[in-house]
1. Test Arg250 against the criterion of being among the basic types (Lys, Arg) and either within 26 Å of Gln322 (Cβ to Cβ) or not in a helix (DSSP H, G or I) (or both), and give yes or no.
2. Please name all residue pairs, on different chains or six or more residues apart, with Cβ atoms under 6 Å, provided the first residue is in the range 168-196 and is on the phi < 0 side of the Ramachandran plot and the second residue is among the basic types (Lys, Arg).
3. Provide a single number: the residues in the range 274-322 that are touching a helix residue (DSSP H, G or I) at 6+ places or on another chain (Cβ under 6 Å) and farther than 20 Å from Asn224 by Cβ.
4. Scan the range 181-192 and give yes if some residue there is more than 19 Å from the chain's Cα centre (by Cα) and assigned to a helix (DSSP H, G or I), otherwise no.
5. Only one of (1) crowded, with 20+ Cβ neighbours inside 10 Å; (2) over 26 Å from Arg152 (Cα atoms) is not met by Lys13, so which one is it?
6. Based on this model, can you work out whether Ile267 counts as of a type in the set (A, V, I, L, M), surrounded by fewer than 19 Cβ atoms within 10 Å (Cβ to Cβ) and assigned to a helix (DSSP H, G or I)?
7. Taking Ala138 as the residue in question, decide whether it is over 29 Å from Arg288 (Cα atoms), free of Cβ contacts under 8 Å to residues at least 40 places away in the same chain and crowded, with 16+ Cβ neighbours inside 10 Å.
Amino acid sequence: MDVTTLKQQITSKTPAMIYLALGTQQVLLQRVREMFINLIPKEERVMNVGSYDMETTPLAVALDDAMAAPFFGERRLVLINKPYFFTGEKGPAKIEHDLDSLSNYLQHPEPSTILVFLAPYEKLDGRKKIVKELKKVAVTVDTAPLDEAHARQQVRTELTSDQYTIDETAIDELVQRTNADYELMNANLSKLKLLTYQDRHITQQAVKELVPQSLDENVFDLVNAVLKHDQPRSIDLYDQLIAGQQPPLRINAVLISQFRLLLQIKILSSRGLSQGSLAQKLKVHPYRVKLGLRTVRQFSLLALENAYLGLVNIEKALKTTQRDPRLLFQLFMLQYGQQQGIGMS
């Protein structure tokens, strides 16, 4: 189930005895943690909520807590963080975990305890006996990074629950400025809510005023201008980055990274890989692949190669000479403009 479904379930029904929150989206893991803590009355939390990090604390300590009866309350909550023993990862050698006792607990859980495993990993090692036993009894909550569609929906859901509205153009702008990274989107929501507290309505202009564009996003505009051989626009965008105190080597490194990604997308998509498969293989956010696919359809492989190689030459010059970065970029644009290769693939 997703985090929204979990909230509906635990607030309307009796919670299950064992949960597994699995995924690397930290903001969702934190939300799951807060949801469970809120099930315990504030005055009871000191005695009835335990949180244990498996990288520093033996599992036996957490299980002893889980098997204890609630102290003047209805429930006990035990949170087990970073249970790396469910994965193929190696933890600290000095910490020993009694997995046999955990296996026994999973078969005979304490009815008055909610045991929650907060696992910030992409996946567990399904070959392990203890993982198989866990999956048989635990309710699994998906806390994997959200794709663009789910990130948009999560933003809408959160704003609606807080009685805010948002224009569709504002969501588009937020997605663009954060590369659809839900962590960044969520981090900026508090500022947007504060700005629009009186009318509780978020506009595109509000997003533009408060949410800064990342260097990657600014460079993406520059990439498109370069590919279109638009020298005035390219030089203007480059000058803006320099004026924004971005180091020339860093700008160039991000440009090289963007063109490398476009080359990979161009080559792999020609072999029939889908957007989802490309994101998985290249280990980048699906939104970046979506934008990349939109770009590479307009330009030939030669155009991408020429730009990439030209930028590599700039990097060499920046590292080995004292030449003006702006002049190097202007020369690059002049040479690239004389090359053929732009056009439909």
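1. So Arg250 passes the test.
2. Short answer, once both residue conditions are applied: Ile171/Arg152.
3. 4
4. Within the range 181-192, one or more residues are more than 19 Å from the chain's Cα centre (by Cα) and assigned to a helix (DSSP H, G or I).
5. Exception for Lys13: condition (1).
6. Yes, satisfied.
7. Considered against the rule, which asks whether it is over 29 Å from Arg288 (Cα atoms), free of Cβ contacts under 8 Å to residues at least 40 places away in the same chain and crowded, with 16+ Cβ neighbours inside 10 Å, Ala138 comes out as no.
For (1) open to solvent by less than 30 Å² (accessible area, probe 1.4 Å); (2) within 16 Å of Tyr121 (Cα to Cα); (3) touching a Lys or Arg at 6+ places or on another chain (Cβ under 7 Å); (4) without any contact (Cβ under 8 Å) to a residue 40 or more places away in the chain, each residue gets a yes or a no:
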position	(1), (2), (3), (4)
Thr24	no, yes, no, no
Leu28	yes, yes, no, no
Glu34	no, no, no, yes
Ile40	yes, no, yes, yes
Arg45	no, no, no, yes
Thr56	no, no, no, yes
Leu59	yes, no, no, no
Phe72	no, no, no, yes
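The values are calculated or read from the model by the stated rules, or taken from the named source; none is laboratory data. Note that this is a predicted model, so its numbers are computed, not measured. Glycine gets a Cβ as well: all are built from the backbone with ideal geometry, and neighbour counts include every protein chain shown. We work out accessible area using only protein heavy atoms, side chains counted, and drop any ligands, DNA or RNA first. Shrake-Rupley method; radii C 1.70, N 1.55, O 1.52, S 1.80 Å.
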